[in-house]
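The values are calculated or read from the model by the stated rules, or taken from the named source; none is laboratory data. Note that the structure is a prediction, hence the values are computed from the model and not measured. Ideal geometry is used to build each Cβ from the backbone, glycine not excepted, and the neighbour counts take in all protein chains shown. Surface areas here come from the heavy atoms of the whole protein model, side chains and all, with no ligands, DNA or RNA. Shrake-Rupley method; radii C 1.70, N 1.55, O 1.52, S 1.80 Å.
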Amino acid sequence: MLPSDGLGYALLQAASLVETVLGGANLTEAYERLLRANPGWPDATRGAVRDLAWGTLRDYGRGDVVLRRLLHKPLPVALHALLLVALHRLEHRPDQAHTVVDQAVDAAAVLAPGLKGVVNGVLRKRLRDEHELAALVEADEAARYRHPAWWVAQVRAAWPGDWEAALEAGNQRPPMALRVNRTRASVEAVEAELRNAGIGSRRLANDALVLDKPVPVASLPGFATGRVSVQDAGAQWAARWLDLAPGQRVLDACAAPGGKAAHILETKPVELVALELDPKRVQRIRDNLERLGLDAQVLRADCRALDTWWDGRPFDRILADVPCSASGVARRHPDIKWLRRREDVRRFAAQQADIVDALWPTLAPGGRMLYVTCSVFNEENTAQIARLSARHPDLERLEIDGRLERQLLPATDHDGFFYALLGKRR
């Protein structure tokens, strides 16, 4: 047995998560299952396992390129995953090289004692041939940019001047940002509370507070009392760009986990209907609203099936935060880079079109729909809006801060989001 506070144990557990992703599983869900199975893990072990698994998957392609050169025949998936984790650690902590090799061999002995020599040999050859392998990585586009080649091609085509910076930002650890619940606190008061707690932050133009470095949620002043929530700064534009007014009837059509719904209610006193199909995610919305002291009609429903939830009363505002490829938030969910396929983007685009077409009749004349994705792919964003405009003659494009649409590419302060404001002619 490996000591649970050692690097070998963390490598082994992180490899189990990577293995599940290679098998098609969702990383976050797999991690949560692992935590439930190990309730006694201290925070240090939880953090080490998470950092190793997420970091390995952010480094999409690099480990595979190296292993294709160093392995003469395939290994069991569990050992392949362990090597990917160990290679990630070697690249990011070269000062620990010999410790990493030794601990990875100990972890391999747990999985397949007869193959620990292979793991030892592969990792030591990686250290000996470091420069040759670095050149190999540089020559492979997917390895160099740590994204699948088709993904790189799409971002390059859509954003010829910014594509490399966007991909690089998508490989970094994401920032931690806070949203202030204006019904319970001011931004200035929360900034003071953070300073008093020794937590540095910066206030952005939309009043999001980006922390200098992430901290445990439990240590955030005001979180337990509903004064603040954790929400990416890019997502905090939605409530502002909806152009809300008191008393409006508002629909959040794809509401889970509830951050944008809560922000709407924190911004103006409106009548909010929030829809979500997954029952567990419905409960999460309700829990978030309860913590924040907010109230909405939260329904379990498919927003496209109007006869199951709509009472015929039109909405003044609709937030259509539609399902998408999530290509703009891959640094938070790096398994996306392993699991997404080019054809998935087309499938999401078709689903998005179905949702907007179904919801359009529920929008009041003179009302506004804010179309939102967390994608950087044109097919889900600009091209999607062009197709919607062609199908709906009563749809007019409205400016958002002087532009017809806003694409936020992944950057230091925020993830990637797309916004388009659609008005319904009277």
Starting from segment 200-226, keep only residues that are at negative phi, then list their pairs with residues that are open to solvent by less than 80 Å² (accessible area, probe 1.4 Å) and of a type in the set (Ser, Thr, Tyr) whose Cβ atoms are within a distance under 6 Å, requiring at least 6 positions of separation or different chains. Leu209/Ser201; Leu211/Ser201
Residues that are of a type outside the set (A, V, I, L, M) and either over 17 Å from Tyr371 (Cβ atoms) or exposed (fewer than 15 other Cβ atoms within 10 Å of the Cβ) (or both), drawn from segment 396-414: Glu396, Glu399, Asp401, Gly402, Arg403, Pro410, Thr412, Asp413, His414
I'd like the residue in segment 375-408 that is among the basic types (Lys, Arg) and touching a residue at least 24 places away in the same chain (Cβ under 8 Å) and, out of all such residues, is farthest from Pro314 (Cα to Cα). Arg406
If I filter segment 45-59 for residues that are farther than 29 Å from Leu133 by Cβ and either at pLDDT 95 or above or open to solvent by 50 Å² or more (accessible area, probe 1.4 Å) (or both), do I get at least one hit? yes
Within segment 60-76, count every residue that is under 26 Å from the mean Cα position of the chain (by Cα) and either closer than 14 Å to Ala14 by Cα or open to solvent by 20 Å² or more (accessible area, probe 1.4 Å) (or both). 3
Long-range neighbours under 8 Å by Cβ, at least six apart or interchain, first residue free of Cβ contacts under 8 Å to residues at least 40 places away in the same chain within segment 356-374, second charged (D, E, K, R) and open to solvent by 10 Å² or more (accessible area, probe 1.4 Å): Asp357/Arg391
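Quick one: which residue in Leu22, Leu27, Leu12, Leu34 is surrounded by 15 or more Cβ atoms within 10 Å (Cβ to Cβ) and under 19 Å from Val101 (Cα atoms)?
Leu12
Looking for whichever is of a type in the set (A, V, I, L, M), over 20 Å from the mean Cα position of the chain (by Cα) and loosely packed, with under 14 Cβ neighbours inside 10 Å here; the options are Ala135, Ala158, Ala143, Ala153. Which one fits?
Numbers: Ala158 fails: loosely packed, with under 14 Cβ neighbours inside 10 Å; Ala143 fails: loosely packed, with under 14 Cβ neighbours inside 10 Å; Ala153 fails: loosely packed, with under 14 Cβ neighbours inside 10 Å.
Being of a type in the set (A, V, I, L, M), over 20 Å from the mean Cα position of the chain (by Cα) and loosely packed, with under 14 Cβ neighbours inside 10 Å holds for just one of Ala135, Ala158, Ala143, Ala153, which is Ala135.
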Out of the residues in segment 354-379 that are in a helix (DSSP H, G or I) and among the aliphatic types (A, V, I, L, M), which is nearest to Leu404 (Cα to Cα)? Val356
Scan segment 253-272 and report the pairs whose first residue is hydroxyl-bearing (Ser, Thr, Tyr) and whose second residue is surrounded by fewer than 24 Cβ atoms within 10 Å (Cβ to Cβ) and not in a helix (DSSP H, G or I), with Cβ atoms within less than 9 Å and a gap of 6+ or a chain change. Thr267/Arg182; Thr267/Leu244
Of all residues in segment 92-121 being within 17 Å of Pro3 (Cβ to Cβ) and β-branched (Val, Ile, Thr), the one that is least open to solvent (accessible area, probe 1.4 Å): Val100
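Identify all residues within segment 80-128 that are among the β-branched types (Val, Ile, Thr) and either within 31 Å of the chain's Cα centre (by Cα) or outside any helix (DSSP H, G or I) (or both); write none if there are none. Step through it out loud before you land on a result.
Taking segment 80-128 first, the residues among the β-branched types (Val, Ile, Thr) are 85, 99-101, 105, 110, 118-119, 122.
Answer for segment 80-128, where residues must be among the β-branched types (Val, Ile, Thr) and either within 31 Å of the chain's Cα centre (by Cα) or outside any helix (DSSP H, G or I) (or both): Val85, Val100.
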Hey, among the residues in segment 163-203 that are open to solvent by less than 80 Å² (accessible area, probe 1.4 Å) and among the acidic types (Asp, Glu), which one's farthest from the chain's Cα centre (by Cα)? Glu193
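Residue under question is Ala177, and the condition is that it be touching an Asp or Glu at 6+ places or on another chain (Cβ under 9 Å) and either among the hydrophobic types (A, V, I, L, M, F, W, C) or touching a residue at least 40 places away in the same chain (Cβ under 8 Å) (or both); does it hold?
yes
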Would you be able to tell me the number of residues in segment 204-225 that are open to solvent by 40 Å² or more (accessible area, probe 1.4 Å) and β-branched (Val, Ile, Thr)? 2
How many residues of segment 143-175 are among the aromatic types (Phe, Trp, Tyr) and within 29 Å of Gly47 (Cβ to Cβ)? The answer is 2
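Filter segment 226-242 down to residues that are assigned to a loop (DSSP other than H, G, I, E, B) and either of a type in the set (D, E, K, R) or closer than 19 Å to Glu405 by Cα (or both) and give me whichever is most open to solvent (accessible area, probe 1.4 Å).
Applying the filter and picking the extreme gives Arg227.
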